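The values are calculated or read from the model by the stated rules, or taken from the named source; none is laboratory data. Predicted, not measured: the structure shown is a model, and the values here were computed from it. No Cβ is skipped: glycine too gets one built from the backbone with ideal geometry, and neighbour counts run over all protein chains shown.
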Amino acid sequence: MKVCLLSNEMYPFLPGGIGRLMYNFCMQNAESETPVDLHYLLTAASEEDQTKIRDFYEGKAQIHFCPDLADLDDEIAKALSNEQAFHPEFAANYKEPQSYYQGLLKAEAESHGPFDLVEIADMGGWGQAIIAAKKSGLAFQNTQIACRLHSSIGIITEFERYSHHPSTWFSAKLDLERESILGADIVVGHVPSVVAENARHYNLSKKWANKVVVEFPPILLDTDVGDVSDLGPTPDFAFSSRLQPFKRPDIFIRAAVLFMERHPDYPGLFRVMSYGWDENYIISLQSLVPLELRSKIVFQYEYTAEERNEVLKNSVIVVPSNYESLCLFAYESSMMKRPVILAGDCAAFGDFDRWKDKENCLLFDGSFIGLADVMETALTWRPSSVVSTKTDQPYWERLRRKNGRKAKVVSAANIPVVYFGIHDRYHLNEKLVRHAVSPFAQQEAHFLLPGSILNTRETQKLGLTSIVPTSGNELSCTELEQFIIQLESEYVFLARGDHRPRAPFLEAAKKALSANPELDMFSSHTLNVDPFVETSYGVTLSTGKAPGMAMLESTVAPPMAMIRVSAIEKIGFAPQAGDSWFAAFTRKLALAGGEIIISPQVLVEAESRTNERSNSKKLSAGIMDDEGIRMGLAPRLVGMDVRVTNKQVQNTRIISYTDGEFASAECVWPSPNPRDFSLIVLQQDRGGLLTHPIRDHITVAKLASKLPPFIKSAHLHLRNASAENQGVDFGLILSKNILTWEDLDRVSKGEALANVIFTPWQTLLSMGDKTSAVAINSDFEAHVYLAARLPEGVDDDGHCWAIWKEIDFFQ
Amino acid sequence: MKKVRATGMNSGVKALISSALADSFLHTLFDSNFYAQQLPQFAQPSERAIIHFLNVGENFGLSPHPVFDRKYVLEQAKENGVDIKDNFSPFAYVLQNDLSPNRLFSKEIYSRHLKNAGVEKSDKETHIEHFLTNWVKYRVPFSPYFDVQFYELNNPHLIMSGTNPLDHYFRVPRRERADANPMFHAGYYVNTYSSWENDPLVDFIAQGCGQLNLPNPYAAQELLSDAFITPENLLKYIEIRND
Amino acid sequence: MTKTCDFNAIRDYQFAQQFDGFEQVLHIFNADWHGVRAASAYAPGQKIAISERDGLDGEAIRHIFGIISKYKINRIVFQAYSHVASSLCESIHRQFSGDVQIFVITHVTSTQFENGFEMEMQALLLQQISKGIVKRLGSVKPRFNSVIPAYWPETILNFSPNIGALALQMNTVEGTAFVPIENSWRKNLYTNMLAVHNCEAISTVFSVNFPTGLEKIRTMDKLSLTSFKRGPDLLGFMASTEVVMNVTLAECQPMTQLEALAVGTPCMTAPLRLIEFEDDPLLELTEVEALDSPHFLTKALDRVIAVGRQEDNELQEMIDSHLEKRNLLAALSYAEFLSL
C-alpha cells in the first residue's frame, strides 16, 4: 500500500499540531508490523530546507515538495502566480489547491506510479483540485482520497462567532473546505463526538457518515519529562494554546482574575504562554487583567521549547477551548503527569470517554466562574491516572487496494451542441467555420439566432448542422430552454458565441461523464483571449458547486459547458435575469446541490472583454432571496447588500505606440495645409513624431493603427523640442468612425461629438518633457488622432515642435 | 563492503553452466573485454572472465555486456514477484526467462518482425542473444524507441561495418552518442533535466516521462494542440512506427 | 528561446485538402508570409512553419531532421524561399542526400523583381538546382518558365481551403462587399474601392485598410473599416459578404480568391491567365481586364452580383464546379511536379 499524506507542517521543521501528527504517523509506521510505503507531500520549500527534511526522514518516509506555481509551464499556475486569475478572492484561495494538485502529480512521477491512498486535511480546502481532477477523470483514478478532520476554518468560525469579517475571500475558503470534506472517498476523524460535530455543522447526510472512519492517532511524547515532582499546594496555572477566540484565553484570564479576587494572597502565577496573529485581540486579552494583578497574570510570547516545558512541568495546565478536533497538547500534558483542566463543553473532552472527570482530568462547565471553581479544586487534586493514548491501527493498513471503477464507455456522439449568443450573420458564419474545425465537428449542432437577422423563419438543415431562427430580434432564454428540451437528449453542450472549446474538451467531458454518471454539469477554467490581437491574458476560474461563491458571484461555470437536460428542466432559464440568465441558472444549480464538475485545467477560451462584470447586486440579491425562501428563513435576504466585483484582471495590458505606429501618421487637419512646411513629420533624431500647431488652427495627425476597445487610460510621453516657443498644447482623440472634415472642424472648435473621446488639452512648456496620464474608458475600436495647438493667448507659432515620443495605452 | 562468498553462483547459474548450452551461446551476452574494462588493473581475473563475473563481478553490480541494464532487469524481477536475495543473478534470470535486458530492446517487436520475415529462431536461444548475433543479417525492427535508420543517418559507417546498432550505441561514451530517436534530443534533455549519469533516452523512458519531462523543446506545443501532456502521450510521441 | 518550428500547427492543417499519396510530402514555409502560409496550409501533406526573422538553430534543425525521419518524408517542398530556407535546404540535402528529394515552389511574378531580394532568391535557387541540391523548381505563376527557363513548364495550382459542405449554410448579407487588400501600388486598393462605391447594388464596403486621401475627393459613405482577420474569422466574414474585391495589378494565384470561393463568395480579380481554366464560366465572370478603370470593374461587379442574385443558383454551381476542378488539378499538378 502506497500512501501519501499532504501537509503544510512537518515536525520538527515546520511547527504546528498537524506537523506533530505527521511525525507521529511516520514513527508509528516505522515500528509497525505491516508498514505502508509512506510518502509526504509538503508545501514548496527552499533546496536547503528540502534537504534537511529529507535527511531527517531518510529511511522512514519519502518526502515530496509542491512546485512553485511560478516555475510551472501551466496556464493556471502562471495566471495564479502572476495575479492574473479572476475572481481575485477565489484565486487567492485556489493557489494552494492547485499547488497540491501539481505537487501530487509530481510526487506520483517521482515515486514511479500512483498512490493507493492520498490523505488531505480539511482546513484550507487544499485537496479541492485533487478531488476535482479525480472526478473529472483527469488523474488519480486508482487513488482513494481521504480527508482528515483536523479543524476546518469553517467549524472554527462557528465556535468563534462574531469574530470574522465577511468577504468573498472567506466564503471561497469555506467552500473549498466543504468540497474537500464532502468530496473525499474517506473521511477520518479522531474522536466520535468531534465527527458528530462536523456532521452537524456541515449538515451532512447518512451517506457521508458511511465513509467516516474514526481512529485514535499515535501520540508520542519526545520531551524528556524527567522527574515530575508534586506541584505542591500552590501551583501555577498555565494556558499555552494559541491566542485565538475559540481557544478561549479570555476565559482563562477571567477565571484567574476571579480566583485572585477570592484568594488575594495566592502565591502562584497564572501564565499565558503563547502566541497569536491578531494584535488587537491580544491587546483586548491583556486589558482584561486589572492593574494590580499584572504581576500575577503574566503574558509571555517569546520562549524556547525548554522554557515552555519547564513552565508546564510546574503548572496545572488549562485548555479552555470550546472546540478541538483532538488537542495533542492536552494528551501530552496528561502524559507528563500534570493536572489538566479541560472544557467540559468541548466535544473533544466532555463527550469523549477517554477523559474521565476527577480521574485523569478536571472538567469545567465552559464558564469562567466554573473554571475558577475547578481551579480551586485543582489545588489539592492530582490525577490518579494518565489519559489513554491507545492508538488504533491506522485505517490505511486495513484498506484494500481499490482499482478505479471500470468506467462505462460513454458515447458522446449523440450529445448535441447548441450555439447561442450569435449577434449577426457575420458572426454566424464565423461560428459555422469554427465549428467545422472544433472538437464538436462530428456532433449534431444547432445555431440559434433571431429570424429577423436571418431574414427567414425556416430552419436550414444540412447534415448534422441546423441554423434555427428564433423569434423577435433577440434570443430569449425561454425559447432556448424549450429548444433544448425538445431535442430529447440526456445531455447537451451549450456554447455561447464568444466562448469556444479547446481541442480536448469533448474527450474531457466524456471522461467526466464516465467517472460520474450523476453529473449535472461539466466545464473547466477559461483562458481569456483578446479577439483583436489573438493574444491571451489571464484565466477566469470557475468555482463549480462551491455554494458560497454561487451565492455571491456569477463564477460557477463558463457559458461553454456540458449540461444535463433534466437539470435545465428542473431549474429553468430565468428570463427575468435578462442577460444574466445563464449565470442565474448555474448559481441556482450549484445552490440546489447539483453535481458540477470543473476540470482543474483550461479547456475553454473566451473572447474576453475586460470590463465585463462578474456579478450584479440585483442578481445576487434575487438568488439569495430565492435560497432563503427555499430554506424557510424568516428574514428576507433580498435586503442584504452585497458587493459587486468587476471582472478586470489585476495586471492591465499595455499597448505601446512608438515610432513604428507614428511612421504611418499623416496630417488630416488643417486641410489644405496653409504653410509651406510639413506640419506632421517623423523626426527620429528628435525622438518621435513632430506635430506643429500653427496660428488659427489645431494640427491633427491620424495614425493608421486602430486601437482595440476598452482602453482605460493612457500615458502620453511628449517633448517640446525647442526653447524658442511659448509652449504647446496637446491632446489625444479617439474616434469610433473616421473623422470627416466637418467633424475635424467641429472638434477644432471644441465641440464634443458622439463616439469621440478628446482628452483635455495639456500644455508642454518650452524645451521640456512631459508625461501625462489621461483617462479614456473607451468601449469601441478606435481611430487614433494626435492633436496640437498653441496655448491660449499665444500668437507666435514659430518653432512649435511638440514631439510625441511614446503613448502607452492601458487596457 | 559487502561480504562475498568464495563461490557466488546460485542454483540457477549452476544449472545454466551445466546445461546443454554451448559456450558460444553463453558468451553472446557476455563480452569479456567489456567486462575486464570495468575491473581495476590489479583485479583482472585469472580464470575465465565469465566465471569471475558469475562468482564475483555480478555481486558488485558489474555488467556483462554494454546492452545489459541491471537496474531494468531487477525492476522486471520485482514486478514478476521474484524475491531478490543476495544470491540472485540478474544475468541468469534474463537467460532463463528470455527477457529483454534493455529498455530499448523489445522481445515482442523483434519476435513479431522475425516471424514476418520468415526467420526461424531456435528455442534454445534467447531473443537478445539471437538479436546480438544475427540482427545485421535480417535488419528487422526491434524497438518502439530506437530508430535504426535515424541512428545510421548519424553513423553512416555502421551500415557498411555490419555492427549491431544497439550494441554500438551502448559502447559509445554517453556524451558522444548520436541520437537514436527522431523526436528525442539527448542534448536538450540533459541540459534541461538531468546529467550524463544515465543514458538520456533510457532515463526518459524509465522515469523522465513520468515526471513529464519533455523529449525536445517543441514537444509541448505539438502535444498540447489536441491532447494533454501525460506520461503515456509522451511515450507515444517518441514511438517509432515499425510497420 | 526556441526558434520557430511549428510542425502541423492547427492553422496549417485544419482546412487542408485530403488527397492520398501526400503523406510523405513535407511543405516548409515562412510563418509570417501569410499568403504563402495559406497556400501551404490548404495543400495535403505535412507542414513545418519556420521564421525568416528568427532563423533556425541546432535544436530546430535537429527537430526537422527528426520529423523527416519519423514520418518517412521523401519529398520536401519549400514554399517560397529565403536565406533561412536555403540554409535548411542544404542541411537537409547533406543529411539525407538521395533519400529525400527537395523541390521549391515560388510564389512571385516578374513584376516583383524590383525588390532585389526576389532576384537574389532566384539566383540562389538556380545555383542549388545546378548543384543538384534542389531537384525541381516550380511556380504558381503561369508560364514562369518564360522568366526563368529552368522552371518546370506547367503551373502549380493552389488548393482552396477545405470547408466542405458547410459553405452551403453560410448566410450572405446582401449589398456588402469586402476589400481585404493592402494599400500598395500593386494591390490597386483605390481602384477597387472606387469601383465598389460606384456600384449601386453595394451599400456597405468592408475594408481592412483605409484608402488614405480618397476621402478628399469622394465621400466614402459606404466604407466601414474592419479589423485584420485570419483563419476561421476571415472565412466566416468572406462568407457573409456578397462579393470580395481583389483586382490587383500583379498576381499569381491569389489565396483571397480561393478562400472566398471556398465559402461560396465570388471574388473579382485581374486576369490570372490560368491555362487550365481558359473557358471557365466563373473566371469569365469575375476576371476584369481593365485593371485601372473603376468603370469596368463596376460593370463586371454588376454582372456578378446580378448572377448571384438569380434564383437558379447558377453562381454557386459555377463556384462549386470551379473548385472541384481546381482542387483536382492542383493535386495532379503537385503529383506530377513531385513525381509521386
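Just a few scattered comments:
- Subset of the range A:20-69 [within 18 Å of A:ALA121 (Cβ to Cβ) and of a type in the set (Asp, Glu)]: none
- Yes/no for C:PHE96 being more than 20 Å from the chain's Cα centre (by Cα), crowded, with 18+ Cβ neighbours inside 10 Å, over 27 Å from C:PHE228 (Cβ atoms) and not polar (S, T, N, Q): yes
- For the criterion of being closer than 25 Å to A:ALA577 by Cα, touching a residue at least 12 places away in the same chain (Cβ under 8 Å) and exposed (fewer than 15 other Cβ atoms within 10 Å of the Cβ), A:GLY497 fails.
- If only residues of the range A:792-803 that are surrounded by 17 or more Cβ atoms within 10 Å (Cβ to Cβ) and within 54 Å of the chain's Cα centre (by Cα) are counted, the one that is farthest from A:ASP696 (Cα to Cα) is A:ILE803.
- Residue check for C:ILE102: more than 9 Å from chain B (Cβ to nearest Cβ) and out of contact with any Gly (no Cβ under 9 Å at 6 or more places or on another chain): yes
- Close pairs from the range A:77-90: first outside any helix (DSSP H, G or I), partner of a type in the set (Asp, Glu), Cβ under 9 Å, at least 6 apart: A:HIS87/A:GLU553
- Selection status of A:PHE368, in contact with a Lys or Arg (Cβ under 7 Å, 6 or more places away or on another chain) and at pLDDT 95 or above: yes
- Just one of the listed residues (A:SER163, A:SER180) is small (Gly, Ala, Ser), touching a helix residue (DSSP H, G or I) at 6+ places or on another chain (Cβ under 8 Å), over 17 Å from A:VAL214 (Cα atoms) and not in a helix (DSSP H, G or I), and it is A:SER163.
- Scanning the range A:254-282 for residues that are under 25 Å from A:GLU307 (Cα atoms), surrounded by fewer than 13 Cβ atoms within 10 Å (Cβ to Cβ) and modelled with pLDDT of 90 or more gives a single hit, A:PRO267.
- Within the range A:429-463, being within 10 Å of chain C (Cβ to nearest Cβ), free of Cβ contacts under 8 Å to residues at least 60 places away in the same chain and in a loop (DSSP other than H, G, I, E, B) holds for A:VAL437, A:ALA441, A:ASN455, A:THR456, A:GLY463.
- When each of C:ILE305, C:ILE319 is tested for being of a type in the set (Val, Ile, Thr) and either surrounded by fewer than 22 Cβ atoms within 10 Å (Cβ to Cβ) or over 30 Å from C:ALA16 (Cβ atoms) (or both), the lone residue that passes is C:ILE305.
- Here the helices (runs of 4 or more DSSP H) wholly within the range B:161-243 that include at least 1 residues being within 18 Å of the chain's Cα centre (by Cα) are B:165-171, B:186-192, B:200-203, B:231-238.
- The range A:672-725, residues that are touching a strand residue (DSSP E or B) at 6+ places or on another chain (Cβ under 9 Å), within 14 Å of another protein chain (Cβ to nearest Cβ) and at pLDDT below 90: A:ASN673, A:ALA704, A:SER705, A:LYS706, A:LEU707, A:PRO708, A:PRO709
- Just so you know, in the range A:314-369 the residues that are within 19 Å of A:MET273 (Cβ to Cβ) and among the acidic types (Asp, Glu) include one that is surrounded by the most Cβ atoms within 10 Å (Cβ to Cβ), and it is A:GLU324.
- Extreme residue, farthest from the chain's Cα centre (by Cα), among residues of the range A:283-300 that are part of a loop (DSSP other than H, G, I, E, B) and surrounded by 11 or more Cβ atoms within 10 Å (Cβ to Cβ): A:LYS296
- Within the set A:MET27, A:MET22, the sole residue that is modelled with pLDDT of 90 or more, crowded, with 18+ Cβ neighbours inside 10 Å and not in a strand (DSSP E or B) turns out to be A:MET22.
- For the range C:61-75, the condition of being in contact (Cβ under 8 Å) with a residue 60 or more places away in the chain, within 12 Å of chain B (Cβ to nearest Cβ) and out of contact with any helix residue (DSSP H, G or I) (no Cβ under 6 Å at 6 or more places or on another chain) holds for at least one residue.
- Across the range A:750-782, the qualifying residues are those that are in contact with a Lys or Arg (Cβ under 6 Å, 6 or more places away or on another chain) and outside any loop (DSSP other than H, G, I, E, B), and the one among them that is modelled with the highest pLDDT is A:LEU764.
- A count restricted to the range C:5-28 and to residues that are over 18 Å from C:THR256 (Cα atoms) and either out of contact with any Gly (no Cβ under 6 Å at 6 or more places or on another chain) or at the interface with another protein chain (Cβ under 10 Å from one of its Cβ atoms) (or both) stands at 14.
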